[in-house]
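Below you'll find the structure, written out as structure tokens, and then a few comments.
The values are calculated or read from the model by the stated rules, or taken from the named source; none is laboratory data. Computed from a predicted structure; not experimentally measured. Neighbour counts are summed over all protein chains in view; Cβ atoms, including those assigned to glycine, are modelled from backbone coordinates with ideal geometry.
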Amino acid sequence: MDDNKFWAIVEECDVASGGDMDRKDQLIKAAISRLAGDEALAFYEIFHRMMDTAFAWSLWGAAYVLNGGCGGDSFTDFRASLISRGRAPFEKTIADPDSLADEDIHIDSWFHEGFQYAVTDGVTASIGRRPRRLSPPPPTPTGSRWTEGTVGKFYPKLVQKLASR
């Protein structure tokens with residue numbers, strides 16, 4: 001399992017789901033459960049590396065603006081939902097969180113609680129036990145922290161799009 005294979009599996013499930021997040025959960029769980037144990041564990045590690053990559057104040061700020069607030073659990077759901085969309089949207093959003101303004105804004109699909117659990121459940125089905133991460137998650141987000149009063153100024157396109165809804 002390498003990054004390319006990881007993203008190919010994610011993108012196949014994204015396309016097949018037709019945007020239905022519950023269906024996407026079912027598809028990713030099934031796809032991972034069919035992998036050999038070492039491949040499933042490698043998928044799990046890559047997924048968590050992507051979750052860690054997205055653990056940044058800049059992305060959290062965009063999620064906060066998008067949702068009108070965003071706590072830790074919601075930010076976890078947001079990052080997993082972002083990964084579930086595939087490599088190009090993930091990389092674009094990591095590079096420029098304000099580019100979320102270019103996406104369809106359906107809050108439930110951006111803060112879906114389930115994709116990260118479906119990944120774990122798929123690995124569990126493949127290896128016969130719950131997986132454990134090889135490395136701990138980062139203790140704090142990367143980058144510069146924002147304040148609630150100023151966060152919107154960092155995401156002008158997103159603020160404008162949401163104001164026009």
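Taken together, the residues in region 76-98 that are within 24 Å of residue 27 (Cα to Cα) and aliphatic (A, V, I, L, M) amount to 4. The residues of region 57-107 that are outside any helix (DSSP H, G or I), more than 12 Å from the chain's Cα centre (by Cα) and either among the basic types (Lys, Arg) or surrounded by fewer than 19 Cβ atoms within 10 Å (Cβ to Cβ) (or both), listed by number, are 68, 69, 71, 96, 103, 104, 105, 106. Condition check: buried (at least 19 other Cβ atoms within 10 Å of the Cβ), part of a helix (DSSP H, G or I), of a type in the set (A, V, I, L, M, F, W, C) and modelled with pLDDT of 95 or more. Does residue 30 satisfy that? It is false that residue 30 is buried (at least 19 other Cβ atoms within 10 Å of the Cβ), part of a helix (DSSP H, G or I), of a type in the set (A, V, I, L, M, F, W, C) and modelled with pLDDT of 95 or more. The requirement of being closer than 13 Å to residue 85 by Cα, at pLDDT 95 or above and among the β-branched types (Val, Ile, Thr) is satisfied by residue 9. When region 108-124 is filtered for residues that are in contact with a helix residue (DSSP H, G or I) (Cβ under 6 Å, 6 or more places away or on another chain) and surrounded by fewer than 17 Cβ atoms within 10 Å (Cβ to Cβ), the ones remaining, listed by number, are 109, 113. The residues listed here are 54, 36; of these, the one that is touching a helix residue (DSSP H, G or I) at 6+ places or on another chain (Cβ under 8 Å), within 18 Å of residue 10 (Cα to Cα) and surrounded by 14 or more Cβ atoms within 10 Å (Cβ to Cβ) is 54. Among the residues making up region 4-48, those that are farther than 19 Å from residue 126 by Cβ, in contact with a Lys or Arg (Cβ under 9 Å, 6 or more places away or on another chain) and in contact (Cβ under 8 Å) with a residue 40 or more places away in the chain are 11, 14.
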